[in-house]
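This report refers to the structure that appears directly beneath it.
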Amino acid sequence: MTDMAEYTSGTEGNNMLIIGGRGVLLLLFLSLLALMLGRYPIGPSQIGDIILSRAGDPAPGIILLNVRLPRVLAALFTGAALSGAGALLQTVFKNPMVSPSVMGASSGAAFGAALAILLGLSPWLIQGGAFLAGTLAVATAMGVASFSSRRSRILMLVLAGMLVSTFFTALISLVKFTADPLNTLPSITYWLMGSLSGSEIGGTLFTGTVVLFCGILLYSLRWRITALSLDEDELLTMGINPAPYRYGVILCASLMTSAAVSQSGVIGWVGLVVPHLVRLIRPEGRFGDLFLRSLFGGAAYLLLIDTAVRTLTPLEFPLGIMTALIGAPFFAFVLLRKRGGAL
Amino acid sequence: MRESVLSLENLTLGYGGKTVVRDISFEVERGSVVTLLGANGEGKTTIIRAVCQLKIPRRGRVCADGKDLSQLKHGERASLVSYVPQSHKPGLPLSVRDMVVLGRQYCRGLFAEPSREDYDRADRVLERLTLGGRGGELFTSLSGGEQRLVLIARALVQSARYMVLDEPVANLDMGNQIRVLRVIEELAREGTGILMSSHFPQHSLWLRSRAVILHRGGILARGEAEDVITGENLTRIYGTPIAVVRDGEGTAYCGPRPEEPERNTLKEMII
């Protein structure tokens, strides 16, 4: 009720602080919990000792700082990136079924990584290759769409994204076909299933930088993006030429997606489930609020699932399988509650 | 080339191999209403789209206050001509106020959020359009007539000198039709030049507007509504007998007469 009052008052500064504040508190709490949980439980006092570097035994410190911290950060950044990109693309394409993978970023990035693994490159180059190939895939889709007429361009962007996706998926199969079935193929397959288990602090910080940069840029553009949800004709007569913003914003979302996929492999459904859940709970939100809530919500969602995956099962269950297993029925529930697919 | 007019100069418009209108010209003065009448497919919407620079003419041009609209930047154009679409496909679940302030986006920076002043202006306009206090509601929760008024409000905050409306009373009940017509009348009185398309010739008469009647790719008649909206002209453009009748107070009404002969031929055909 109070939120509705703030919403109608027209000032949004408060909204940003409230959502941001609550989001940060939630993520801090969940992160602390995730850092303590695991096969080797670490208590709050031990964490204090490690931070103050007065712990006697080095093992908890190594587990906490070299294993769990990068993994927790990776879950936060990846979840935020996929969910934020989903919320953004659904708005810009005016289509509730669009997900971050639609522009070809996911399959492009997956191909880049698979190729790098096939060539036996270092983890850094695997991530770099994934990021570059993901961006390249989206650029290709945009290039194809730019040849279409103005009125059908939004549809063409989605179709071109699907074409590029299909193309890169075929290339991934080609890489798998030529890979050594004894060691390269399993590692490619495992990577494609999506997991955060190998997260290192360097790659995580790279992903984090991209996600933060794009997230801040997109949030600053929130009113232009709100305008982008109107019809092209309306926008043009309102003095806004949507084309450059649309391309810029889609590119930004794709950079976020590529960064996430290069970090974690292909993790589906986050970009679809979380923004829809946010809209189910807060249907009246502005784009800025929806985007912020999706970023925080996505981070929390993926951190919860990843923590569950590594604590509840004795073997490392690939994260991508869990997000799909949980995501699909959950999405059905969300859709049924909404009674329809309106944005 | 004249100041204070929106002028359509020798416009020829078409799609693919088909020419919809050929070499038509007329003007909309500031402070007046011009109604575009014509049967379906005669090019009313096409002309509206050409005026808003959404459709590139084969020949001819559109000028506002002496400036060729096709040569202007999007923002400059928006300060001269605003557009009220026939319908709005809902995207984000926007509140009424947010929907209206988007009309001010073109004079704000890329990263700017709508200012206090923008919201105040939106509130004043909504108040005028009998939607005061409804700003916090969701746009999609309003009735069709109210949504139309919000779209007019959004065009109004643009502060353009001319407003172009594509069938502003389509799909509205009679009460809402009058509500929208009142607003249009008032805007014209305050100095906005208004071009609207319509399927209701009597509205043109009620507004004491000027009318442009389209027929077979050209202009059949134009002038004061009183003079050109006649049973004869309407019968010709709609292809069915139409009567213009006046009540005791002199208010005009237009309507079709049921066509007996055709019904007979239909009966004969069935037999």
Report, as a whole number in µm² per second, the diffusion coefficient that Stokes-Einstein gives for the stretch B:161-216 at 4 °C and 1.567 mPa s using the Kirkwood radius over alpha carbon pairs. 110
What does chain B give for Rg and for Dmax, in Å, if only its C-alpha atoms count? 20.0, 71
Can you tell me the order of A:329-336, A:128-135 when each peptide is scored by its average per-residue count of other Cβ atoms within 10 angstrom, highest first? A:128-135, A:329-336
Listed residues B:ILE48, B:ILE24, B:ILE213, most fluctuating in chain B (Gaussian network, C-alpha, under 10 Å): B:ILE24
Give me the distance in nm between label points sitting 7 Å out from Cα along the Cα-to-Cβ direction at A:LEU17 and A:VAL67, one decimal. 4.2
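Rounded to two decimals, what is Rg over Rh for the stretch A:79-192 when you use alpha-carbon atoms and the Kirkwood radius?
Answer for the stretch A:79-192: 1.04.
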Mean shadow area of the stretch A:148-226 over all directions, Cα convex hull, nm²: 8.3
In terms of modelled amide H atoms, which long-range or inter-chain residues lie less than 5 Å from the amide H of B:SER82? B:TYR162, B:MET163, B:VAL164
Just want the answer: with Cβ charges of +1 for Lys and Arg and -1 for Asp and Glu, which residue in A:LEU336, A:TRP191, A:SER101 is farthest toward the dipole's positive end in the stretch A:75-338? A:LEU336
In terms of modelled amide H atoms, which long-range or inter-chain residues lie less than 5 Å from the amide H of B:LEU214? B:LEU37, B:GLY38, B:LEU220
How much FRET efficiency would the formula 1/(1 + (r/R0)^6) give for B:ILE56 and A:LEU155, where r is the Cβ-Cβ distance and R0 is 22 Å, rounded to 0.05? 0.60
Sorting B:SER25, A:SER107 by accessible area (1.4 Å probe), largest first, what list results? B:SER25, A:SER107
Nitroxide proxy distance, nm - points 7 Å out along Cα→Cβ at A:SER45 and A:LEU280: 4.2
With 10 Å bins from zero, work out the P(r) of the stretch B:1-143 over every alpha carbon pair and list the percent per bin. 10, 31, 31, 23, 5, 0
Per residue Cα convex hull volume in Å³ - calculated over the stretch B:132-254: 139
At R0 = 25 Å, FRET efficiency that the Cβ-Cβ distance of A:THR313 and A:LEU205 yields, to 0.05: 0.35
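Restricting to the protein assembly as shown, compute how many DSSP beta bridges are antiparallel as a %, nearest 5.
Restricted to the protein assembly as shown, the bridges split so that about 65 percent are antiparallel.
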Just counting partner chain Cβ atoms within 10 Å, what average do the residues of peptide A:237-246 show around their Cβ? 6
Please report, in whole Å, how far the alpha carbons of the stretch A:30-78 spread along each principal axis, starting with the longest. 34, 19, 16
Suppose we take every Cα in the stretch A:75-338 and form the convex hull; what volume per residue is that in Å³? 118
Spread of Cα-to-Cα distances over 10 Å intervals beginning at zero, given as percent, for the stretch A:16-139: 12, 27, 27, 26, 9, 1
For peptide B:83-95, what's the mean number of Cβ atoms from other chains within 10 Å of each residue's Cβ? 6
Normalised per residue, the volume inside the convex hull of the alpha-carbon atoms of the protein assembly as shown in Å³ amounts to 204
With at most 13 neighbouring Cβ atoms within 10 Å, loop GluC sites (Glu not before Pro) (DSSP) excluded, longest segment of chain B: B:4-189
Spherically averaged projected area of the stretch A:262-302 from its Cα convex hull (nm²): 3.0
Taking the Cα-to-Cβ direction at A:THR178 and at B:ARG108 and moving 7 Å from each Cα, how far apart do the two end points lie in nm? 5.2
Potential lengthening between B:ARG116 and B:ARG189 on full extension [0.36 nm per residue; Cα-Cα distance subtracted]: 23.5 nm
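The values are calculated or read from the model by the stated rules, or taken from the named source; none is laboratory data. Just so it is clear, the model here is predicted, and its values are computed rather than measured. Positions of Cβ are backbone-derived with ideal geometry, glycine not excepted, and every protein chain shown enters the neighbour counts. For accessibility, only protein heavy atoms count, side chains too; no ligands or nucleic acids. Shrake-Rupley method; radii C 1.70, N 1.55, O 1.52, S 1.80 Å.
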